[in-house]
Amino acid sequence: MPAYDQSNIFAKILRGEIPCHKVYEDDKALAFLDIMPRAPGHTLVIPKSPARNILDVAPDDLAHVMKLAQRIAKVSVDVFGADGVTLQQFSESAGGQVVFHLHVHVIPRKEGIALKPPASVKEAPDVLKEQAAKLAAALA
Ligand code: AMP
């Protein structure tokens, strides 16, 4: 497996070099909205440690990310009036990964509504801002 590349876009978000619509942050993890959501409320949860994916992340960092993913899943059901939640994690190109910093997708789902295709529609920044604020408030 290739080494971790510090120039990936989520590493830049962690370093504050590019903005994100933050939902939650603690000393070990960051959660922010996907800019091309597959459904409203689509959130990405990442460790602050430089893990490429499931194949190299430290187990404790993964456990922390998954606990946060569960918290966000529960809250997003209320915030987005969802009927369920889909979690996804892709590792390496063969596994569908595009950004090579470990991330877990938390996607609120409504009965009978299919996911949009990956990276198909860029959401308006003001919509993401409002959604992130609602999730952040519910998590506080
Ligand atoms: P994947 O690596 O296949 O799990 O997909 C990467 C995800 O990152 C996709 O859902 C993209 O829409 C999302 N994405 C890419 N760039 C950004 C960004 N700057 N901020 C938030 N999400 C992003």
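Summary table below
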quantity: Index of the failed condition, residue 118 passing every other in (1) part of a loop (DSSP other than H, G, I, E, B); (2) open to solvent by 10 Å² or more (accessible area, probe 1.4 Å); (3) at pLDDT 95 or above; (4) not basic (Lys, Arg); calculated: (3)
quantity: Top-ranked residue in the stretch 28-81 [being in contact (Cβ under 8 Å) with a residue 24 or more places away in the chain and among the acidic types (Asp, Glu); ranked as most open to solvent (accessible area, probe 1.4 Å)]; calculated: 78
quantity: Filter result for residue 1 (more than 26 Å from residue 129 (Cβ to Cβ), modelled with pLDDT under 95 and either away from the ligand (no atom under 13 Å from the Cβ) or open to solvent by 60 Å² or more (accessible area, probe 1.4 Å) (or both)); calculated: yes
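Listed here are the residues, each with its yes/no results for (1) assigned to a loop (DSSP other than H, G, I, E, B); (2) touching a residue at least 40 places away in the same chain (Cβ under 8 Å); (3) among the aliphatic types (A, V, I, L, M).
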{"site": "97", "(1), (2), (3)": "yes, yes, no"}
{"site": "101", "(1), (2), (3)": "yes, yes, no"}
{"site": "106", "(1), (2), (3)": "no, yes, yes"}
{"site": "111", "(1), (2), (3)": "yes, no, no"}
{"site": "114", "(1), (2), (3)": "yes, no, yes"}
{"site": "123", "(1), (2), (3)": "yes, yes, no"}
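The values are calculated or read from the model by the stated rules, or taken from the named source; none is laboratory data. Note that the coordinates shown come from a computational prediction; the quantities given were computed from them, not determined experimentally. Glycine gets a Cβ as well: all are built from the backbone with ideal geometry, and neighbour counts include every protein chain shown. Only protein heavy atoms, including side chains, enter the accessible area calculation; ligands, DNA and RNA are left aside. Shrake-Rupley method; radii C 1.70, N 1.55, O 1.52, S 1.80 Å.
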